[in-house]
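I have placed the structure first, in the form of structure tokens, so that the comments after it can refer back to it.
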Amino acid sequence: MKIIILGAGVIGVTSAWYLARAGHEVTVVDRQPAAALETSFANAGEISPGYSTPWAAPGIPQKALKWLFQRHAPLVLHASADPARLRWMLQMLGNCTSGAYATNKSRMMRLAMYSRECLGTLRAETGISYDERTQGTLQVFREDKQLRAVAKDIEVLRSDGVAHEVLDAAGCVAVEPGLAHARHLLKGGLRLPGDETGDCLIFTQSLAAMAAAEGVRFLYDTSIHALEGTASRIEAVQTSAGRLVADGFVVALGSYSPALVAPLGLRLPVHPVKGYSLTIPIVDESRAPVSTVMDETYKVAITRLGDRIRVGGLAELAGFDLSLSPRRRATLAKSVGELFGGAGDLDKATFWTGLRPMTPDGTPIVGATPVGNLWLNTGHGTLGWTMAAGSGRLIADLISGRQPEIRADDLGYARYLRGGAGRARPLSQAAPA
């Protein structure tokens, strides 16, 4: 078939790769001059299936209230009367139960673990290089109550067969020697040895080049205006390059996906959650991280990418605002400074922000829609890099009519039609977002 993919971030490009390998004629459209220049540009760099955890969890409402009064809070909520944001927040609160958390985490991990397998195969087949490392993730705890609270995650990890180990402070330093100077701050940690790291920008642009060599057409500097069609079928997409016709369309526009499909009567519960990162040149190898260290206190990931340290995290509900907050930079600098002080030159750090497309239940929306030839691959939140390869392979299999290698019926838009995890109304009752 002739397939048009809307969006050239890591999700759109991996979708293009697998669809092209399945024999389809693929065109990717993006407003930027190259691939991966928005949310995929400078993310935390972690590929963490074992850390695939929904933000909606028991106790989060109480923590969120406390965070409102902290200077270095991991979550910042800006006042707004935006009905879409209020609706999204209510849906997220509805998922903060033990049962919903276990269900959501399990299916997120299913897709993330599959994605790790797909990425490994892709790497072996293509030889693609992106400052990758396969040395795991270490989640560090500064308080005893954090260590106690991780018991729920360990239960899910154990039931899903994910390798893990609980470490004391000495064990944390043994796997991440750069933490030696911060040992007094640590109560323990949870290590996930199967996790990986890598530069998402380098990967996405390299894979885009490989896809182009396979015949994929990339239309950059092209704005996407509207989908043209009916409730049963899309005929074309209207762009600044004209009207583009295809047999099928994949929306992979991250936080911008809901606005595009709303005129069709589809209400996507995907909301932008602003995140930040610092990219710091390493000046002392002995103090630098080996892989990824998650600072549970500030919800910050500190990742080794070649000769750089990427410090990413935080969550800010601020709509589509992309301004850089000095206060958020200070939080990132505080986390890396306390855990890996002296490892990098903070004065030469590059500060960046991007919009993560979050669903209320944490699970992305990958699959078909009620519109016959319209597909979604969006809503990956903080885990787009982790889930990209698996999501791309999954959407390619679904579009091609092949049986997916993992269960997929609870990953698509249909779960909202039947009043599932997002608590969205049936499509027949839905109004545009």
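Which of (1) surrounded by fewer than 23 Cβ atoms within 10 Å (Cβ to Cβ); (2) more than 28 Å from LEU322 (Cα to Cα) does ALA259 not meet, given it meets every other one?
(2)
Of a type outside the set (Ser, Thr, Tyr), touching a helix residue (DSSP H, G or I) at 6+ places or on another chain (Cβ under 6 Å), open to solvent by 10 Å² or more (accessible area, probe 1.4 Å) and farther than 30 Å from ILE3 by Cα, is that true of ALA333?
Working: of a type outside the set (Ser, Thr, Tyr): yes; touching a helix residue (DSSP H, G or I) at 6+ places or on another chain (Cβ under 6 Å): yes; open to solvent by 10 Å² or more (accessible area, probe 1.4 Å): yes; farther than 30 Å from ILE3 by Cα: yes.
Here the answer is yes, as ALA333 does meet what is asked.
Scan the stretch 5-17 and report the pairs whose first residue is surrounded by 24 or more Cβ atoms within 10 Å (Cβ to Cβ) and whose second residue is part of a helix (DSSP H, G or I) and among the acidic types (Asp, Glu), with Cβ atoms within less than 8 Å and a gap of 6+ or a chain change.
Matching pairs, first to second residue: none at all.
I need the helices (runs of 4 or more DSSP H) fully contained in the stretch 77-187, keeping only those with at least 2 residues that are in contact (Cβ under 8 Å) with a residue 24 or more places away in the chain and open to solvent by less than 40 Å² (accessible area, probe 1.4 Å).
83-94, 98-126, 151-159
When you scan the stretch 334-364, how many residues do you find that are in contact with a strand residue (DSSP E or B) (Cβ under 7 Å, 6 or more places away or on another chain) and closer than 28 Å to ALA56 by Cα?
13
Determine if the stretch 305-318 includes at least one residue that is in contact with a Gly (Cβ under 8 Å, 6 or more places away or on another chain), closer than 30 Å to LEU90 by Cα and assigned to a helix (DSSP H, G or I).
no
Out of the residues in the stretch 56-70 that are of a type in the set (A, V, I, L, M), modelled with pLDDT of 75 or more and assigned to a loop (DSSP other than H, G, I, E, B), state the one that is nearest to THR363 (Cα to Cα).
Ranking the qualifying residues of the stretch 56-70, first place goes to ALA56.
Hey, can you tell me all the residues within the stretch 269-321 that are over 27 Å from GLY362 (Cα atoms) and crowded, with 23+ Cβ neighbours inside 10 Å? Explain how you work it out, then say what you get.
Start the filter on the stretch 269-321 by keeping residues that are over 27 Å from GLY362 (Cα atoms), which leaves 280-290, 306-308.
Passing the criteria: ILE280, PRO289.
Within the group ALA226, ALA252, which residue is closer than 23 Å to ALA84 by Cβ and either surrounded by fewer than 23 Cβ atoms within 10 Å (Cβ to Cβ) or more than 23 Å from the chain's Cα centre (by Cα) (or both)?
Details: ALA252 fails: either surrounded by fewer than 23 Cβ atoms within 10 Å (Cβ to Cβ) or more than 23 Å from the chain's Cα centre (by Cα) (or both).
From the options ALA226, ALA252, the qualifying one is ALA226.
The values are calculated or read from the model by the stated rules, or taken from the named source; none is laboratory data. Quick caveat: nothing in here was measured; it's all calculated off a predicted structure. In this analysis, Cβ positions are derived from the backbone assuming ideal geometry, glycine residues included, and neighbour counts consider all displayed protein chains. These area figures cover heavy atoms from the full protein model, side chains too; ligands, DNA and RNA do not enter into them. Shrake-Rupley method; radii C 1.70, N 1.55, O 1.52, S 1.80 Å.
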